[in-house]
Amino acid sequence: MRLAKLGVAAGATVFSMSLYAQSTVQIYGIADAGVEYVNNVRVGTAGSASVVRLQSGNESSSRIGFRGREDLGGGLAAIFTLENGFSIDTGTLGQGGRLFGRQAYVGLAGGLGEIQLGRQTTAIYDFGVVFDPLSSVRYGVTSFDLAYASRADNAVKYVGSFGGLNVAGQYSLGYDSLIANGSEVPGAFKVGKEMGIHTNYIAGGVQIGVAYDRQNGTSVATEANKNQRMDFGASVDFTPVKLLAGYQRQLVTTGLTTAANKLYWVALQYATTTALTLTPAVYVLDPQGSNNKSTMFTVLGSYALSKRTDLYSQVAFMKNQNAATFGMSSSGANGGTGAVNPGDNQSAMTVGVRHRF
């Protein structure tokens, strides 16, 4: 009897260890900081001046994350991701002070893909990561449109890969819970809703992709308003050179009025050595019906000291036409801190270090 009990206990221990071995949690992150110089920063209503400042997240946003997976058997797994963004220069939280503002979701994964529930990256974000090599860099596509860094609250997302075809679809019941009435409002089923799809196909060294995203207004009075983005992208890998290009058409409909913007870019990644990579790019924002075009020229150089640590420097020049006021700002938004006076140009430079863990 005693031997039988010992056998059962040993079997239970082995069984529990095997279950534990099938459940994994990974801790990961990035710490990135550097010094930035920017000229022609708007001061007051008409003045301008230069600024030198320490900035977090110049090549990649600083973050710490937790990613888990448990095998449920039969090819099914439970998954979760909790990812916190922060400013390493001050230690403060990013994404409006959210603890896990970059991502926070739980879901199930199987042979047909994943279903994720929570706060997640949008279709436009996912598109930018694939077709803009500078989408996470300070001077990149987010200098013109913060949708390329956007997340959606209260979202249901599907992600699947089938050979060279990658598909993602998302629907948010309230895409920004920090906006008053931006979440689920009883009886108002359009308020704060967002839907998006992103798909790309890889064949050899060629990749093409499309994305669509639509947001409704965030109040009962504006729920019929629409902010729509349609994106097309392509890349060709000639190792050690990779060419990338993207195009976006944005339509903002408010009542009977529709405003349109075109945003397009061309970039090149060149691995000059195993350690040094150069990434030049050109971005153009062209608002429909006006001569207020903005064009940004930039080059990023990254030198790998190891597999996890690299030194980087980026220079950029923004040329604004007439009343355009885009600048290479910390907010990355037109009119934000660091934007310029109408028609002013702006130059900027960063030098820093990034460590991934």
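The values are calculated or read from the model by the stated rules, or taken from the named source; none is laboratory data. As the structure is a computational prediction, the values presented were derived from the model and not from experiment. Using ideal geometry, Cβ is built from the backbone for each residue, glycine included, and neighbour counts are taken over all protein chains shown. For the accessible areas, the whole protein counts, side chains as well, though only heavy atoms, and no ligand, DNA or RNA atoms are used. Shrake-Rupley method; radii C 1.70, N 1.55, O 1.52, S 1.80 Å.
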task = Select from the stretch 157-185 the residues that are more than 24 Å from residue 252 (Cβ to Cβ), of a type in the set (Val, Ile, Thr) and surrounded by fewer than 18 Cβ atoms within 10 Å (Cβ to Cβ) and list them in ascending order.
result = 167
task = Just one of (1) hydroxyl-bearing (Ser, Thr, Tyr); (2) without any contact (Cβ under 8 Å) to a residue 12 or more places away in the chain; (3) farther than 25 Å from residue 62 by Cβ trips up residue 325, so point out which.
result = (2)
query = Only one of (1) modelled with pLDDT under 95; (2) within 26 Å of the chain's Cα centre (by Cα) is not met by residue 43, so which one is it?
reply = (2)
task = Restricting attention to the stretch 285-299, report how many residues are in contact with a Leu (Cβ under 9 Å, 6 or more places away or on another chain), assigned to a strand (DSSP E or B) and touching a residue at least 24 places away in the same chain (Cβ under 8 Å).
result = 6
message = Tell me whether the stretch 49-58 contains one or more residues that are under 24 Å from the mean Cα position of the chain (by Cα), open to solvent by 50 Å² or more (accessible area, probe 1.4 Å) and of a type in the set (S, T, N, Q).
response = no
ask   = Mind checking whether some residue in the stretch 248-256 is within 19 Å of the chain's Cα centre (by Cα), over 14 Å from residue 300 (Cβ atoms) and of a type in the set (Ser, Thr, Tyr)?
value = no
key: Some residue of the stretch 111-129 being in a loop (DSSP other than H, G, I, E, B) and either on the phi > 0 side of the Ramachandran plot or among the charged types (D, E, K, R) (or both)   = no
inquiry  = Which numbered condition in (1) at pLDDT 95 or above; (2) of a type outside the set (Phe, Trp, Tyr); (3) under 24 Å from residue 352 (Cβ atoms) is the only one that residue 93 fails?
reply    = (1)
inquiry  = Just to be sure I understand, how many residues within the stretch 167-183 are under 30 Å from residue 201 (Cβ atoms) and polar (S, T, N, Q)?
reply    = 2
note = Picked from the stretch 303-320 (must be charged (D, E, K, R) and outside any strand (DSSP E or B)), the residue least open to solvent (accessible area, probe 1.4 Å) is 308
request  = Could you please find all residues in the stretch 127-136 being open to solvent by less than 10 Å² (accessible area, probe 1.4 Å) and of a type in the set (A, V, I, L, M, F, W, C)?
outcome  = 127, 131, 134
query = residue 235: within 17 Å of residue 59 (Cβ to Cβ) and under 22 Å from the mean Cα position of the chain (by Cα), yes or no?
reply = no
message = Which residue is farthest from residue 342 (Cα to Cα), if the candidates are limited to the stretch 30-46 and must be open to solvent by 70 Å² or more (accessible area, probe 1.4 Å) and touching a strand residue (DSSP E or B) at 6+ places or on another chain (Cβ under 7 Å)?
response = 35
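Quick one: how many residues across the stretch 61-74 are part of a loop (DSSP other than H, G, I, E, B) and open to solvent by less than 60 Å² (accessible area, probe 1.4 Å)?
Quick first cut of the stretch 61-74, residues part of a loop (DSSP other than H, G, I, E, B) only: 61-62, 74.
Then keep just the ones that are open to solvent by less than 60 Å² (accessible area, probe 1.4 Å); that gives 61-62.
Final tally of qualifying residues: 2.
How many of the residues making up the stretch 80-118 are within 28 Å of residue 34 (Cβ to Cβ) and touching a strand residue (DSSP E or B) at 6+ places or on another chain (Cβ under 9 Å)?
Qualifying residue count for the region: 21.
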note = Of the candidates 278, 300, the one satisfying the condition of being hydrophobic (A, V, I, L, M, F, W, C), in contact with a Gly (Cβ under 7 Å, 6 or more places away or on another chain), open to solvent by less than 70 Å² (accessible area, probe 1.4 Å) and farther than 23 Å from residue 211 by Cβ is 278
message = If a residue counts only when it is more than 24 Å from residue 162 (Cβ to Cβ), β-branched (Val, Ile, Thr) and open to solvent by 50 Å² or more (accessible area, probe 1.4 Å), which strands (runs of 3 or more DSSP E) contained entirely in the stretch 186-275 have at least 1 such residues?
response = 241-254, 257-271
task = Determine which member of the set 109, 149 is open to solvent by less than 20 Å² (accessible area, probe 1.4 Å) and in contact (Cβ under 8 Å) with a residue 24 or more places away in the chain.
result = 109
